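Data block below; observations after.
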Amino acid sequence: MNKKIIVVLMVAAMALASCNTLSNLGIGAEPVEKELELQEIVAEPTAAVIADSGNYYRDDMDAEDPNKDWGLKIVTGLEKQLIWSKLGGKLRLEALPPNDVNFLFINKDNRYEDVIVEAEVDNMGPLDGAFSLVCRVNEAGWYEFRISPSGYYELLRYDQYLKDGGKNAYTNFIEKRINSSLIIGGLEKNVFSLSCVGNTITAFVNGEQLYFERRPLAFEDDTYSDGAIGFGIRGYGKEYDMAFNWVEAKKP
């Protein structure tokens, strides 16, 4: 065989071997991530504690007229079903039948991006109602955390667009009501907190972060970035008698 032909064949063989080697090294080959359709590794929620960085705002419920700082938003129900009064430095809230009432008191003057809303509450009547806290309240919606004297909680997002379209405006991050031993049942006090920091929505009861499916309760959601804070009551068909002792907007 002609020596020139042999040399050409040898060079071609070496080039082919080199390509195979580069391919094995990942050079010139399809990226593994794309080839295997790999997904991003998502970190598990980690346990957190309530921040102690001071307050943006605090209401000890000692004003004779709550309209000074708060405005009423009726999500469901009729205004005449709500009865409010002052009782020993508390804001007492009662709701009359028929069923399905949802009243929120929204702060008129302050808006926050990152905030922890916290309140101390007393149950003074039936156990089937719920206390609520809201953050990032704006014309599009808000985040809402509820606890019941019967021991359950809910963490939700409200969407005004869905409401205007005749749909259920609430999305429950945990899809149902969950029981928690952190909630002190009956005619007792509870302190509960809703944390809206960055895109992380977290909830606490009596200073402890709630757990869901054996993991710290924390959800990533960027629907709302800022807005007002508030508190309220939710009722499902009976008379309700509840009290808020104080409400704070805390610095994260």
Keeping to the stretch 98-142, report how many residues are under 20 Å from the mean Cα position of the chain (by Cα) and either assigned to a strand (DSSP E or B) or among the aliphatic types (A, V, I, L, M) (or both). 26
Which of (1) open to solvent by 90 Å² or more (accessible area, probe 1.4 Å); (2) assigned to a loop (DSSP other than H, G, I, E, B); (3) at pLDDT 85 or above is the odd one out, the single condition Q39 does not satisfy? (3)
Which condition from (1) within 15 Å of G232 (Cα to Cα); (2) surrounded by fewer than 16 Cβ atoms within 10 Å (Cβ to Cβ); (3) not aromatic (F, W, Y) is the one that C135 breaks? (2)
Would a scan of the stretch 159-172 turn up a residue that is among the aromatic types (F, W, Y) and surrounded by fewer than 16 Cβ atoms within 10 Å (Cβ to Cβ)? yes
I'd like the full set of residues that are under 25 Å from E239 (Cβ atoms) and either modelled with pLDDT of 95 or more or not in a loop (DSSP other than H, G, I, E, B) (or both), limited to the stretch 143-157. E144, F145, R146, I147, Y152, Y153, E154, L156
Please work out which residue is farthest from L127 (Cα to Cα), limiting yourself to the stretch 158-196 and to residues that are aliphatic (A, V, I, L, M) and not in a strand (DSSP E or B). L162
Taking the stretch 222-249 and keeping residues touching a residue at least 24 places away in the same chain (Cβ under 8 Å) and over 28 Å from I83 (Cα atoms) leaves T223, Y224, S225, D226
Hits in the stretch 210-224 - residues which are in contact with a strand residue (DSSP E or B) (Cβ under 7 Å, 6 or more places away or on another chain) and part of a loop (DSSP other than H, G, I, E, B): L210, L217, D221, T223, Y224
Does any residue in the stretch 153-168 that is of a type outside the set (A, V, I, L, M, F, W, C) come within less than 6 Å, Cβ to Cβ, of a residue that is exposed (fewer than 14 other Cβ atoms within 10 Å of the Cβ) six or more places away or on a different chain, and which pairs are these? Q160/A140
Of the residues in the stretch 105-127, those that are surrounded by 16 or more Cβ atoms within 10 Å (Cβ to Cβ) and more than 19 Å from K250 (Cβ to Cβ) come to D122, N123, M124, G125, P126
Taking the conditions exactly as written (of a type in the set (V, I, T), open to solvent by 70 Å² or more (accessible area, probe 1.4 Å) and within 24 Å of E144 (Cβ to Cβ)), does V101 satisfy them or not? no
Can you work out which of the residues in the stretch 158-188 that are within 20 Å of the chain's Cα centre (by Cα) and of a type in the set (D, E) is modelled with the highest pLDDT? D159
For the stretch 81-97, does any single residue satisfy the condition of being open to solvent by 60 Å² or more (accessible area, probe 1.4 Å), in contact (Cβ under 8 Å) with a residue 24 or more places away in the chain, not aliphatic (A, V, I, L, M) and not in a strand (DSSP E or B)? yes
Of all the residues that make up the stretch 90-143, how many are among the acidic types (D, E) and within 16 Å of N245 (Cα to Cα)? 4
Filter the stretch 180-199 down to residues that are more than 23 Å from G129 (Cβ to Cβ) and exposed (fewer than 15 other Cβ atoms within 10 Å of the Cβ), then give me how many there are. 2
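The values are calculated or read from the model by the stated rules, or taken from the named source; none is laboratory data. Keep in mind it's a predicted model, so treat the numbers as computed, not measured. Using ideal geometry, Cβ is built from the backbone for each residue, glycine included, and neighbour counts are taken over all protein chains shown. Ligands, DNA and RNA are excluded from the accessible area calculation, which covers all protein heavy atoms including side chains. Shrake-Rupley method; radii C 1.70, N 1.55, O 1.52, S 1.80 Å.
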